[in-house]
Each structure stands twice: as structure tokens, then as C-alpha cells.
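The next block holds one structure in the form of C-alpha cells; read it before the comments.
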Amino acid sequence: MKTEKKIFIAFFLNLIFSIFELVGGAVTGSVAIVSDAVHDIGDAISIGCSWLLERKSKKQPDDIYTYGYMRFSVAGSLITTVILLLGSAVVIYNAIIRIFNPVTIHYDKMIIFALIGAFVNFLAAVFTKDGDSLNQKAVNLHMLEDVLGWIAVLIGAVVMRFTDFAIIDPILSIVVAVFILINATKNFKQIENLFLEKIPAGIKMEELKKHIREIEGVLDVHHVHVWSIDGNNHYATMHVVTDNQSSELKEEIRRELKEFHIGHATLELECPDEYCSCEHCHVEHVEDCGHHHHHH
């Protein structure tokens, strides 16, 4: 619930603020502020999406989304990150045009606006700071970016006020945009890893298998798959070869998986002489191992 509320607060502050900014840009004549306003409306929209999807991600699994809705939060993060990437590109593009066609700016008004802007966004950034979902991280990145943008505008306005170097305005926005691009790219990489079902960060397959093989009664383990739904909740499936099929053994394996932060595991137990359809296991003949299956 916490994350969701924070995202909503960020959305609300951003929306109100972007309207205030459009007015500010018009009054001061600073295109840096106008392009920031457009960018902020984009932010508000993507944060709105994040909020809806974060809410949805709290729903329990059902017959349609059998894994639950956690990935919706990741989808929110994806939308937000893509908007960030596009937004940064647009800002850089506009800034480059500005370098070649400088305009007159009302510096004093710009300083006042930048002060208010930095303050409001700083509050929003503090609000969205801690949270564990990738979605929350993407939203916080938006906020941080806005604070930086405003501090840059502020410094720029002060310097321009005394030097009249109008070129500072666009150069600053490029610096901020590049910073955002780098961070958004990192975020994007994490999201991509989740969708490509890459093994969760911090889990090494060899180590995992080794730990399971060391459990008493386990002869071998194969067909191991580990994936993550949202970066925090990990799942695993595996085939365990054992001559002692018992609930104690399963408990033991699940305990071991907990150490790797895998909360949900599906275990297939096989007897040593059972034929496994998996091509890694070369077993010539299929033998019946009924007596193992019968005792409960």
C-alpha cells in the first residue's frame, strides 16, 4: 500500500506543477522551462500509469493471471522508463536547437520559478525515495531528474543574470538529460532481464544445484529453472532424483531454496531408475518404480 500511495502523491504534485510551469515558461520566455513543462506532463501521465499498474500488481493470483499481478508493476516501470528515454531525447534535441538560436529570457522571474520548482520536486523526490519495486525506482528517477533539472535551471538563471550568456540555458538541460538517459538505461536493463526470464541477480545456478545435491537423500537434480516475477519474488522448478521420496525431503529442499530468496518452488521427485524425458539424462531402459509411488 505504501508504495502505491507515494506514487499517487508524486503523480498529483507533478500534474499540478506542470500546469504551473506552462504559465511560468510563458511569463519568463525561457524555453528551458516550457520544455520542462511538457516533459513534466509526460512524467505525470507515466506516473499515473505506474500508479494504476502498481495498484493492480497487489491483486492475488486468479485463473487468468495465474502468477498474480506482480508483473504489472514491472510494466508500469517499463512505460515510465520508455517515457524517460524519449523525454530525454526530446530535451536534448530542443537544447541543441537553442544553442544555435538563442532567445531573450527574463532572468529574475526565471530564478523565482526555479526556486519554487526545485522545492516542490524535492518534496516529491523525498516522498518516493524508498520502496522496493522497480516501478517505484522509475518514478523516483523521474522526481530526482526534475529536482536536478530545476537546480540546473536555477544555477543557469543566476549565472545568466550576471553574465548574459544565454547559451548556458540549453547546455544545462543537455547535461541533465544525459544523466537521466544513463539511469533510465540501467533501469531498462533490469526490466529486460525480468521479461527474458534471466536468472535473478545474486543467484548462481551451479551454487544452487550444489547446495541441493548436498541434501541427504538427493542423488541428483536437473531441469532446474529459476526466474523472478518482479525482481523481489523468485520462483523455481526442478526435477530431483531421490530414493527417499518423503515430505521431509521436500521441506528440506524448500528450506534450502528460501536461502536463495526463492519463495515458490515446484519440485518433481523421481526415482533413480525412472526414465526422464529430459535429453540431458541418458537412461536406456524404462523400469517400473511403482512401489516408490505407493507409500504416502
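Where a number appears in this text, it was derived from the coordinates with a stated rule and is not lab data. A quick note: this is a predicted structure, and the numbers were derived from the prediction, not measured. Cβ: placed from backbone, ideal geometry, glycine included. Neighbour counts: every protein chain shown.
Before moving on, here are some points about what is shown:
- GluC sites (Glu not before Pro), loop per DSSP, at most 12 other Cβ atoms within 10 Å - longest free stretch of the chain: 1-196
- Counting every other Cβ atom within 10 Å of each residue's Cβ, Phe260, Phe122, Phe195 order from fewest to most as Phe195, Phe122, Phe260.
- Using alpha-carbon coordinates, inclination of helix 168-195 to the longest axis of the chain, degrees: 10 degrees
- When the Gaussian network model of the chain links Cα atoms closer than 10 Å, the mean-square fluctuations of Asn121, Asn14, Asn244 top out at Asn244.
- For the pair Thr163 and His106, label points projected 7 Å from Cα toward Cβ lie 2.5 nm apart.
- Scalar couplings 3J(HN,Hα) for region 80-96, obtained by applying the Karplus form with A = 6.51, B = -1.76, C = 1.60 to θ = phi - 60°, are 4, 5, 4, 4, 4, 4, 5, x, 4, 4, 4, 4, 4, 4, 4, 5, 5 Hz; x denotes Gly and Pro.
- Here is the list for region 119-191: trypsin sites (Lys or Arg not before Pro) lying in DSSP coil, each with at most 16 other C-beta atoms within 10 angstrom of its C-beta, are Lys129.
- Degrees between helix 134-163 axis and first principal axis of the chain (Cα, 0 to 90, nearest 10): 20 degrees
- Whole-number D in µm²/s for the chain (Stokes-Einstein; Kirkwood sum over Cα pairs; 4 °C, 1.567 mPa s): 58 µm²/s
- Sites Ser246 and Phe195, calculated FRET efficiency, Cβ-Cβ separation with R0 45 Å, nearest 0.05: 0.75
- Acute angle (nearest 10 degrees) that the helix 31-56 long axis makes with the longest principal axis of the chain, alpha-carbon atoms: 30 degrees
- Cα-based Rg and Dmax for region 165-272, where Dmax is the largest Cα-Cα distance (Å): 21.6, 80
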